[in-house]
Amino acid sequence: MKKLAYHPWRKIPLIIVIALTFVNFSSLFRAYREALIQIRTNVILEPGTEFADFKDKISGAKIVGFLTDKDMSSERNDGQFLGAQYMLAPMILDLNNPYHEFLILDYIDLSYSFEKIKELNAIYLYTNKYGKSLAKKKL
């Protein structure tokens, strides 16, 4: 009987499954920890709370650009855009349209927001404690 040779590449699918499981559990753990903190402090954040402080700063605007580098597909959307729209209503947010006077930037990394502001020749106005930025363009 012929003995099969050992191939280390045969473990790659198992390693991928373990890595994906770890990533899923770590994100679930983070969500669980945040929910637990909210329950213990009796503070339940309303959807879009991260954008509430922009309402006073752009109160006269009817349409505001909402720029992001996050995946906005229905499968991967984290709900930030809809939460922002809810919080800032009746103001209308125009997703990934930089051709408005005011722009809200919700990027994965704050440095990307500043790069985008510079690229658009916009004026930086404000960044809140959630890492969301506000800029103004001269039209």
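Evaluate E = 1/(1 + (r/R0)^6) for Asn24 and Asn128, where r is the Cβ-Cβ distance and R0 equals 41 Å; express this FRET efficiency to the nearest 0.05.
Computed FRET efficiency for Asn24 and Asn128: 0.90.
Treating only the Cα positions of region 57-131 as identical point scatterers, give the base-10 log of I(q)/I(0) from the Debye formula at each q in 0.26 Å⁻¹.
The computed values of log10 I(q)/I(0) come out as -1.48.
For the residue pair Lys55 and Ser111, what label-to-label distance in nm results when each label sits 7 Å from Cα along the Cα-to-beta-carbon direction?
3.4 nm
Can you tell me the length gained on complete extension of the stretch Asn121 to Asp71, counting 0.36 nm per residue apart and subtracting the Cα distance?
15.6 nm
Report the FRET efficiency, 1/(1 + (r/R0)^6), for Lys62 and Ile39, where r is their Cβ-Cβ distance and R0 is 35 Å, rounded to 0.05.
0.40
Are any of the pairs Lys55/Lys138; Lys70/Lys132; Lys62/Lys118; Lys57/Lys116 more than 18 Å apart by Cα-Cα distance, and if so, which?
Lys55/Lys138; Lys62/Lys118; Lys57/Lys116
Using only the alpha carbons, work out the radius of gyration and Dmax of the chain in angstrom.
Calculated on Cα positions, Rg and Dmax stand at 21.2, 82 Å.
Between Gly60, Gly79, Gly48, where does the largest GNM mean-square fluctuation fall for the chain, given springs only between Cα atoms within less than 10 Å?
In the Gaussian network model the winner is Gly60.
Here, each number is a calculation from the coordinates, and none is a lab measurement. Predicted, not measured: the structure shown is a model, and the values here were computed from it. As a convention, Cβ positions derive from the backbone with ideal geometry for all residues, glycine included, and neighbour counts pool all protein chains shown.
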